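Heads up, the thing below is written out as structure tokens.
The values are calculated or read from the model by the stated rules, or taken from the named source; none is laboratory data. Since the structure is predicted, the reported quantities are computational estimates derived from the model, not experimental observations. So basically every Cβ, Gly included, is an ideal-geometry build from the backbone, and we count neighbours across all protein chains shown.
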2 protein chains.
Amino acid sequence: MLLKGVLGDKLVFSLFEKPRNLIKAALGEIKADLVVKNAKLVNVITREIIEDTDIVVYDGYIVRIDNPIRDLDKYIGGKTVVVDASKYYVLPGFIESHVHIESSMLCVREFGKLATMHGVSTVVADPHEIANVLGVNGIKYFIEESRYTPVRFYFEVPSCVPAVDPSYGVDSGGEFVDAGQVAMLMQDPGIIGLGEVMDFVSVLDARTEVLVKIASAKLAKKVVDGHAPLLRGEKLDAYLVAGIESDHESTDPLEALEKLRKGMYVFMREGSAWKDLGRLVKLVTEYGVDTHRLTIASDDISVKDLVEHGYLDYIVNKAIEYGVDPIKAIQMVTLNPAEHLRMDHLIGVIAPGRYADIVFTPSIDRIVVEKTIIDGVVVYSNGEWLYKPIGSYSYPERAYKTMNIKSIPEPHELLVKASIDEGEVVANVIKAQPGSSLTKWVREKLSVHGGYVRADPGRDIVYIAVLDRHHASGNIGRGFVSGLGLKKGAIAQTIAHDTHNLIVAGSNPRDMVVAIKELVGIGGGIVLVIDGRVEAVIRLSIAGLVSDRDYMTVYREHIGMEEKLKSIGIDFSNIHMTLGLLALPVIPELRITDRGLVDVFNAKIVEPIEKSI
Amino acid sequence: MLLKGVLGDKLVFSLFEKPRNLIKAALGEIKADLVVKNAKLVNVITREIIEDTDIVVYDGYIVRIDNPIRDLDKYIGGKTVVVDASKYYVLPGFIESHVHIESSMLCVREFGKLATMHGVSTVVADPHEIANVLGVNGIKYFIEESRYTPVRFYFEVPSCVPAVDPSYGVDSGGEFVDAGQVAMLMQDPGIIGLGEVMDFVSVLDARTEVLVKIASAKLAKKVVDGHAPLLRGEKLDAYLVAGIESDHESTDPLEALEKLRKGMYVFMREGSAWKDLGRLVKLVTEYGVDTHRLTIASDDISVKDLVEHGYLDYIVNKAIEYGVDPIKAIQMVTLNPAEHLRMDHLIGVIAPGRYADIVFTPSIDRIVVEKTIIDGVVVYSNGEWLYKPIGSYSYPERAYKTMNIKSIPEPHELLVKASIDEGEVVANVIKAQPGSSLTKWVREKLSVHGGYVRADPGRDIVYIAVLDRHHASGNIGRGFVSGLGLKKGAIAQTIAHDTHNLIVAGSNPRDMVVAIKELVGIGGGIVLVIDGRVEAVIRLSIAGLVSDRDYMTVYREHIGMEEKLKSIGIDFSNIHMTLGLLALPVIPELRITDRGLVDVFNAKIVEPIEKSI
């Protein structure tokens, strides 16, 4: 073989031997692995429904398709799996345009399992959270683990790790993914592009670091996904000329229309936290635009939503309910994202030469996934998970050892010290706004006892602290937060964007210490403590972000936490997401990190006490 | 700069410095090169017409667009060219999906000139003909020359040079482009993919050579274009699983529909020789398919059509006349081919970050190109060609020296020798069918005088000969052809697919020799001789295929030849194309090469005399 020496056996096999076998299989010279008979094919290229379609699969690829294949018998041998699809529409496997797996608290394998149950065969994942904790290694662990799930995970290199340049001194991050590492990762076949370029300020400033990251994706002919909330006009244009190709942050149809007109792929987002689809479908139902550059993305989706509602099937059904033609809605999770990824020769279409990713549903007015085939293997059928991985993946020790706390603090160490023993001060308080990522910076009078400023849970002002958990520095940022509704107890979690230090909020410092101790003990997650007792726990022992256990266990812990919080009047997803974002010092106005309170506009640390009175 | 050492200054500039400047230009910090004001923009992404659109261009790229740009003045400096477009629709520059430039007989520069006059800013060219004569060098000359035209020529590596494996011994080709050369060329940035894979027999046989060619395009992430006339069902599927992505050979709408459904881009062809558009638009007008994977290609277009009718503007207007919605028709020559080429981030759309390729037309129901901007430069405006190339290209001597004939033959050397002196024989005669590429193999009685078999122009049976012009071997293939209508004189040409040896047909051997002599003297082209006198000439001195002179000179020679032939009752394009294809020994039934008559079905040489009688 001409190129064997240069390319190596494995590549030669995939490039020449594989097509050779596919050609033979198409001609019936090799028996098929799988045959799907009598399907109603949803053709996402022509927008037709084609009755009586037969599909022949060999070695994971569709090799033959017609309606019908008259000599179908010649493809069927003793070992060929034959699936009758006469009651079904068959669709290409769904493609998730953009998600952070970590938000589900599931590991890649378990996320993949749920994905297949809802027809998703390809997931573009931006491992932004784990990269902040474990750096490039975190990305590599995810890529490794993804080999043990049938779902095609394409990872993006997160573009903004850490979120804040350390030179500002307002935060202690876990890890870095710098431009050089981005360039190297781009060579990895598991990497499909550069993840959402959030730092649009750097782009508009034309800073070299971000331009190098974009350039290295371009050089590798990979995609560059964007993140441009509310960017319009000249700022949007300046962002685009840097080479950014998509956006999933539009909340208004006119904003999305501008982005679409200007050449961006617009991912309409509908996840657990952000629900934009209802407004954005107006692009289709009211403005009547060509839908080819619209896709659907969840961005963040919780294990609860995955288990209780579904995934892209659920979101596509919503789009259909909102009035989008079913085939156009299906294109938004198949052909359209495949084209954006420049992978439409392999995914997003049921046609010869494509991966055999096929979803069965009895209806397309409302999709109900009854069977999912990926790479020609039936991985899910009527509630049953049928995939048998060869081998399994264990995260290395390092992934579990991310609770690098200097020591468990004493209760008083979590408190803000006053310069007086007794009296009152005006404190700078973070006013959280559940349901919004913005906070307000408010001044509140608080009393001082025994030299420490005291929270006032009755006025919904509680203690908050962030502990460095990456470098055992002993750094503790202290302050007060209002708006959480936490009247008693404490909640601590290792989900604290983007550095994912340990964040804890509580009505009293003793419960906070118990929660910290428990959290450190379990290796990360979310802990609720009331009156000194651990009431609920979600164990996220990998990087303190995701669980290595099965999704049902995580779901039950999630529900358990939710119920316990509900019993004290708190909405779990509000408090957990709000708390998680309080540490992100790039969203106005006041935040808290392990360095202290951060004045976001001026990117500097402020004291928790404004003045003594 | 981090990557400067690795990548080199030039690449670093294009990857980092260029975007940096574009960002500044988008923000108005650098003055624009060009501003287009008040246009009616045809947005090929959303399928809208957007009034009052202003477009700002810097360094060849669109950096800013809005309707309108309220602070437009800040982009305009002393050197900014401002174009008022208030009377115009502006469209993205057109993209030709597939053409053999050589068929126009024009060099790249002159082809490009005509292209711009008809709104074409990007041409995907398969230099299949010149590669047969000059090999990889021919391709490189074309790439070189393309730097002196504003048109973006993307070349494909021809996949089948030569058309027939030399091991059959039925033809002497000029040059080879083997799999190794294909792999090397794929690294050239001027190369966009693998040209139409014509040899579907090799694909279906899964022969390594062709699979390596396809694999090397895939490895370089470049396109693989197809050529699959009448291929349907399992053969089409087998062809597709090899990785082939498009086809331009459909002649029937159902054939095209099958290809479209199976994931191919379907280029609807409408060139000088092949007119398929009228039938294929039924996909749109009758079957109502999604049009996103339909494009338009000319495949072959003559200088005459280019000058007299136009180019893609003319073909798009035809599509509109056939009932295609104008914006959908425009998508077929802009966004759709750009997506096929995976170049939609740079071409096919008027949006920030794209090349500033903009076409002006007063109407979109019928496109009339009044101005063409490429790379932000007005290259054509109201009949005037405004492009000023920096420097010029001269083909090397080698490109001109392709008449490598051993010696000018004597008249009798062109004749078929009989084993008898006088009498009759049954000869194997090629029956040409003008308007079709097929020939028939017929047996005809011919008389013998002085030991040579004599033609019978009265019965429309004339002499035909093919002379090796590549290796000075002295090879001459001799025979008879009927159906050309050549009652007197002789016509000789160096366009003789695919090896492009010298082919000559004539009523008498003396005129044939005069024609050969003239043809050798001028370095290739087409020569008409009547009664010993050279009556018309088209000089094609580069590779004997294209002219290095301006298009108007070539057009005039073309018209001159046509008129002279008409005066003796012959249709030029019929005889020139039919004659050119008589040497292609892969189309049934009987052909002629420098080795003699070829029985195509059996791939072997047959004697011109069947028997003496």
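Condition (residue is more than 14 Å from chain A (Cβ to nearest Cβ), modelled with pLDDT of 95 or more and closer than 30 Å to A:Ala256 by Cβ) applied to region B:122-141: is it met by at least one residue?
Restricting attention to region B:122-141, the residues satisfying the condition of being more than 14 Å from chain A (Cβ to nearest Cβ) are B:122-141.
Remaining after also requiring modelled with pLDDT of 95 or more: B:122-141.
Going one step further and asking which of them are closer than 30 Å to A:Ala256 by Cβ, we end up with B:122.
Scanning region B:122-141, I find at least one residue that is more than 14 Å from chain A (Cβ to nearest Cβ), modelled with pLDDT of 95 or more and closer than 30 Å to A:Ala256 by Cβ, so the answer is yes.
Name the helices (runs of 4 or more DSSP H) wholly within region A:2-42 that hold at least 2 residues that are modelled with pLDDT of 70 or more and touching a helix residue (DSSP H, G or I) at 6+ places or on another chain (Cβ under 7 Å)? Step through it out loud before you land on a result.
On the way: elements: A:4-7, A:9-12, A:18-26.
So the answer is A:18-26.
Which residues, taken from region A:306-338, are within 11 Å of chain B (Cβ to nearest Cβ) and under 28 Å from A:Leu106 (Cα atoms)?
Of everything in region A:306-338, those that are within 11 Å of chain B (Cβ to nearest Cβ) and under 28 Å from A:Leu106 (Cα atoms) turn out to be A:Gln331, A:Leu335, A:Asn336, A:Ala338.
Identify, from the list A:Gly521, A:Gly544, A:Gly525, A:Gly532, the residue that is closer than 19 Å to A:Gly489 by Cα and buried (at least 19 other Cβ atoms within 10 Å of the Cβ).
Numbers: A:Gly521 fails: buried (at least 19 other Cβ atoms within 10 Å of the Cβ); A:Gly544 fails: closer than 19 Å to A:Gly489 by Cα; A:Gly532 fails: buried (at least 19 other Cβ atoms within 10 Å of the Cβ).
Exactly one of A:Gly521, A:Gly544, A:Gly525, A:Gly532 is closer than 19 Å to A:Gly489 by Cα and buried (at least 19 other Cβ atoms within 10 Å of the Cβ), namely A:Gly525.
Pairs only if they're at least six apart or on different chains, beta carbon under 6 angstrom, first in region A:493-516 and basic (Lys, Arg), second in a helix (DSSP H, G or I); list them, first residue then second.
From region A:493-516, the pairs are A:Arg510/A:Pro411.
So B:Tyr322 clears everything in (1) farther than 20 Å from B:Val378 by Cβ; (2) buried (at least 20 other Cβ atoms within 10 Å of the Cβ); (3) over 24 Å from the mean Cα position of the chain (by Cα) except one condition, right? Which one?
(2)
So how many residues does region B:118-144 have that are crowded, with 24+ Cβ neighbours inside 10 Å and either within 27 Å of B:Asp344 (Cβ to Cβ) or in contact with a helix residue (DSSP H, G or I) (Cβ under 7 Å, 6 or more places away or on another chain) (or both)?
First, pick out the residues of region B:118-144 that are crowded, with 24+ Cβ neighbours inside 10 Å: B:119-134, B:138-139, B:142.
Still in the running and either within 27 Å of B:Asp344 (Cβ to Cβ) or in contact with a helix residue (DSSP H, G or I) (Cβ under 7 Å, 6 or more places away or on another chain) (or both): B:119-131, B:134, B:138-139, B:142.
Within region B:118-144, residues that are crowded, with 24+ Cβ neighbours inside 10 Å and either within 27 Å of B:Asp344 (Cβ to Cβ) or in contact with a helix residue (DSSP H, G or I) (Cβ under 7 Å, 6 or more places away or on another chain) (or both) number 17.
Please specify each residue of region A:29-57 satisfying the condition of being touching an Asp or Glu at 6+ places or on another chain (Cβ under 7 Å) and at the interface with another protein chain (Cβ under 9 Å from one of its Cβ atoms).
A:Ile45, A:Thr46, A:Arg47, listed by residue number.
Just for region B:351-368: of the residues that are among the charged types (D, E, K, R) and in contact with a strand residue (DSSP E or B) (Cβ under 9 Å, 6 or more places away or on another chain), which one is farthest from the other protein chains (Cβ to nearest Cβ)? If you could, list the steps in order and put the result at the bottom.
Keep residues of region B:351-368 that are among the charged types (D, E, K, R), which gives B:354, B:357, B:365-366.
Checking which are in contact with a strand residue (DSSP E or B) (Cβ under 9 Å, 6 or more places away or on another chain) leaves us with B:354, B:357.
Working: B:Arg354: 7, B:Asp357: 13 Å.
Within region B:351-368, the match that is farthest from the other protein chains (Cβ to nearest Cβ) is B:Asp357.
Hey, could you check region A:251-270 for residues that are surrounded by 23 or more Cβ atoms within 10 Å (Cβ to Cβ) and away from chain B (no Cβ under 14 Å) and say which is nearest to B:Asn21 (Cα to Cα)?
A:Phe267
Can you give me the ranges of the helices (runs of 4 or more DSSP H) entirely in region A:224-318 with at least 3 residues that are at pLDDT 95 or above and over 21 Å from the mean Cα position of the chain (by Cα)?
Per the criteria, A:233-241, A:253-261, A:282-285.
Output the residues belonging to region B:74-103 that are out of contact with any strand residue (DSSP E or B) (no Cβ under 7 Å at 6 or more places or on another chain) and either surrounded by fewer than 20 Cβ atoms within 10 Å (Cβ to Cβ) or without any contact (Cβ under 8 Å) to a residue 12 or more places away in the chain (or both).
Residues satisfying the conditions are B:Lys74, B:Gly77, B:Gly78, B:Lys79, B:Lys87.
Just checking, how many residues over region A:331-349 are among the acidic types (Asp, Glu) and touching a residue at least 24 places away in the same chain (Cβ under 8 Å)? First the steps, then the outcome.
The first filter runs over region A:331-349 and keeps only residues among the acidic types (Asp, Glu), leaving A:339, A:344.
Checking the rest, the ones that are also touching a residue at least 24 places away in the same chain (Cβ under 8 Å) come to A:339.
Total satisfying the criteria: 1.
Select from region A:180-229 the residues that are of a type in the set (Val, Ile, Thr) and farther than 24 Å from A:Ser146 by Cβ and list them in ascending order.
Step one: filter region A:180-229 for residues of a type in the set (Val, Ile, Thr), giving A:182, A:191-192, A:197, A:201, A:203, A:208, A:210, A:212, A:214, A:223-224.
Hits for region A:180-229 are A:Val201, A:Val203, A:Thr208, A:Val210, A:Val212, A:Ile214.
Looking only at region B:507-524, decide whether some residue is in contact with a helix residue (DSSP H, G or I) (Cβ under 9 Å, 6 or more places away or on another chain) and closer than 13 Å to B:Leu582 by Cβ.
There is no residue in region B:507-524 that is in contact with a helix residue (DSSP H, G or I) (Cβ under 9 Å, 6 or more places away or on another chain) and closer than 13 Å to B:Leu582 by Cβ.
Among the numbered criteria (1) more than 30 Å from the chain's Cα centre (by Cα); (2) in a strand (DSSP E or B), which one does A:Lys87 miss?
(2)
Give the residues of region A:64-73 that are outside any strand (DSSP E or B) and either buried (at least 22 other Cβ atoms within 10 Å of the Cβ) or under 24 Å from the mean Cα position of the chain (by Cα) (or both), sorted by residue number.
Going through region A:64-73, the residues outside any strand (DSSP E or B) turn out to be A:67-73.
Result: A:Ile69, single match.
Mind counting the residues in region B:162-177 that are surrounded by fewer than 15 Cβ atoms within 10 Å (Cβ to Cβ) and more than 12 Å from B:Thr593 (Cα to Cα)?
Of region B:162-177, the ones surrounded by fewer than 15 Cβ atoms within 10 Å (Cβ to Cβ) are B:166-169, B:176.
Adding the requirement that they be more than 12 Å from B:Thr593 (Cα to Cα) leaves B:166-168, B:176.
Residues in region B:162-177 being surrounded by fewer than 15 Cβ atoms within 10 Å (Cβ to Cβ) and more than 12 Å from B:Thr593 (Cα to Cα): 4 in total.
Could you tell me which residue of region A:219-237 is farthest from the other protein chains (Cβ to nearest Cβ), considering only residues that are of a type in the set (D, E, K, R) and under 18 Å from B:Arg20 (Cβ atoms)? Before you say what the answer is, go through the steps one by one.
Pass one, region A:219-237, residues of a type in the set (D, E, K, R): A:221-222, A:225, A:232, A:234-235, A:237.
Now drop any that are not under 18 Å from B:Arg20 (Cβ atoms), which leaves A:234-235, A:237.
Numbers: A:Glu234: 6, A:Lys235: 8, A:Asp237: 4 Å.
Restricting to residues being of a type in the set (D, E, K, R) and under 18 Å from B:Arg20 (Cβ atoms), the top hit is A:Lys235.
Go through region A:145-155 residue by residue and tally those that are hydroxyl-bearing (Ser, Thr, Tyr), in a loop (DSSP other than H, G, I, E, B) and out of contact with any helix residue (DSSP H, G or I) (no Cβ under 7 Å at 6 or more places or on another chain). Let's see the steps before the verdict.
Just the residues of region A:145-155 that are hydroxyl-bearing (Ser, Thr, Tyr), to begin with: A:146, A:148-149, A:154.
Filter once more, keeping what is in a loop (DSSP other than H, G, I, E, B): A:148-149.
Then drop every residue that is not out of contact with any helix residue (DSSP H, G or I) (no Cβ under 7 Å at 6 or more places or on another chain), which leaves none.
Residues that pass the stated criteria total 0.
Do we have B:Ser216 as touching a helix residue (DSSP H, G or I) at 6+ places or on another chain (Cβ under 9 Å), within 18 Å of B:Val161 (Cβ to Cβ) and more than 7 Å from every other protein chain (Cβ to nearest Cβ) here? Steps first, please.
Working: touching a helix residue (DSSP H, G or I) at 6+ places or on another chain (Cβ under 9 Å): yes; within 18 Å of B:Val161 (Cβ to Cβ): yes; more than 7 Å from every other protein chain (Cβ to nearest Cβ): yes.
So B:Ser216 fits the description; yes.
Across region A:206-221, what is the total count of residues that are assigned to a helix (DSSP H, G or I) and at positive phi? Can you show your working first?
Taking region A:206-221 as the starting set, the residues that turn out to be assigned to a helix (DSSP H, G or I) are A:208-219.
Cutting the leftovers down to at positive phi gives us none.
Here the count works out to 0.
How do the strands (runs of 3 or more DSSP E) wholly within region A:369-443 filter down when requiring 1 or more residues that are among the hydrophobic types (A, V, I, L, M, F, W, C) and either over 30 Å from A:Lys140 (Cα atoms) or at pLDDT below 95 (or both): which remain?
Values: elements: A:371-374, A:377-381, A:423-432.
Answer list for region A:369-443: A:423-432.
Would you pick out the residues in region B:156-188 that are away from chain A (no Cβ under 14 Å) and assigned to a helix (DSSP H, G or I)?
Within region B:156-188, B:Pro166, B:Ser167, B:Tyr168, B:Leu185 meet the criteria.
Scan region B:198-205 and tell me whether some residue there is within 23 Å of the chain's Cα centre (by Cα) and outside any helix (DSSP H, G or I).
yes
Take the conditions touching a helix residue (DSSP H, G or I) at 6+ places or on another chain (Cβ under 6 Å) and on the phi < 0 side of the Ramachandran plot and apply them to A:Leu335. Does it pass? Before you say what the answer is, go through the steps one by one.
Numbers: touching a helix residue (DSSP H, G or I) at 6+ places or on another chain (Cβ under 6 Å): no; on the phi < 0 side of the Ramachandran plot: yes.
Considered against the rule, which asks whether it is touching a helix residue (DSSP H, G or I) at 6+ places or on another chain (Cβ under 6 Å) and on the phi < 0 side of the Ramachandran plot, A:Leu335 comes out as no.
Condition first: more than 36 Å from the chain's Cα centre (by Cα) and of a type in the set (D, E, K, R). Now tell me which residues in region B:430-455 satisfy that. Walk me through it before giving the result.
Filtering region B:430-455 down to residues more than 36 Å from the chain's Cα centre (by Cα) leaves B:444-454.
Selection gives B:Glu444, B:Lys445, B:Arg454.
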